[in-house]
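Peer 1: Can you keep this structure in mind? I'll have questions shortly.
What follows draws every value from the coordinates through simple rules; no lab data is involved. Keep in mind that this is a model prediction, so the values were computed, not measured. Reconstructed Cβ throughout: ideal geometry from the backbone, glycine too, with neighbour counts over all protein chains shown.
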Amino acid sequence: MSFLKANPVLYLASIGRDSKPKVRPFQFMLEKDGKLYFCTSNKKKVYDEIKLNPYIELSVSNQNNVWIRLSGRVEFSDDVKIKTKILDDNPFIKSIYKSPDNPEFVIFYLDEAMATISDFSGQPPKQYTL
């Protein structure tokens, strides 16, 4: 998790409603009980996309040319404690959604999550089940 905390902006890939791939920056929010949490607005296109097809991939790299690919199935959550923690830890997110009971504020985590860590060393990637 230290890699994601040090490099919190990932790129999320989903399948658009037009059946074409879509990629956009996303921010890692937190890890709780082995689950990686993210958030978005239920007014955004990405929300509709992942409701329609919940399988996504995220990728992030660091300055040393090491990268992680995360894949899994999106599971939405209404856990108020996690929403509150996300808002308390992220002033920018709090400035957008204000409170955990904002109906547009949705959180999700990756279920069936897999992580692949790679670099340019020529060594094979390392895979982990989360």
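Peer 1: With the chain treated as a Gaussian network of Cα nodes joined by springs under 10 Å, which of ASP79, ASP33, ASP89 yields the largest mean-square fluctuation?
Peer 2: ASP33
Peer 1: A follow-up question, please. From Cα pairs below 8 angstrom and at least 6 apart in sequence, can you work out the relative contact order of the chain, rounded to a whole percent?
Peer 2: Here the relative contact order equals 24 percent.
Peer 1: Once you place label points 7 Å from the Cα toward the Cβ at GLN63 and ASP101, how far apart are they in nm?
Peer 2: 4.4 nm
Peer 1: Sticking with this one: If each residue's Cβ is checked for other Cβ atoms within 10 Å, how do ILE93, ILE56 rank with the fewest at the top?
Peer 2: ILE93, ILE56
Peer 1: Something else about it: Kirkwood Rh over Cα pairs of the chain into Stokes-Einstein at 20 °C, 1.002 mPa s: D in µm²/s?
Peer 2: So the translational diffusion coefficient is about 140 µm²/s.
Peer 1: Would you mind checking LYS43/LYS98; LYS35/LYS85; LYS45/LYS83 for any pair whose Cα atoms are more than 19 angstrom apart?
Peer 2: As for pairs spanning more than 19 Å Cα to Cα, those are LYS45/LYS83.
Peer 1: Mind checking the full-extension length gain between LYS5 and SER19? Use 0.36 nm per residue of separation minus the Cα-Cα distance, one decimal, nm.
Peer 2: 1.9 nm
Peer 1: Another question about this same structure. Within the range 51-130, report the chymotrypsin sites (Phe, Trp or Tyr not before Pro) that DSSP leaves as loop and that have at most 14 other Cβ atoms within 10 Å.
Peer 2: PHE120
Peer 1: If you don't mind, there's one more thing I want to ask. Determine, from the Cβ-Cβ distance of THR129 and PHE76 and an R0 of 22 Å, the FRET efficiency 1/(1 + (r/R0)^6), rounded to the nearest 0.05.
Peer 2: So, using R0 = 22 Å, E works out to roughly 0.55.
Peer 1: If the chain between ASP88 and GLN27 were fully stretched, how many nm would it gain, using 0.36 nm times the residue separation less the Cα-Cα distance?
Peer 2: The span from ASP88 to GLN27 would gain 20.5 nm if fully extended.
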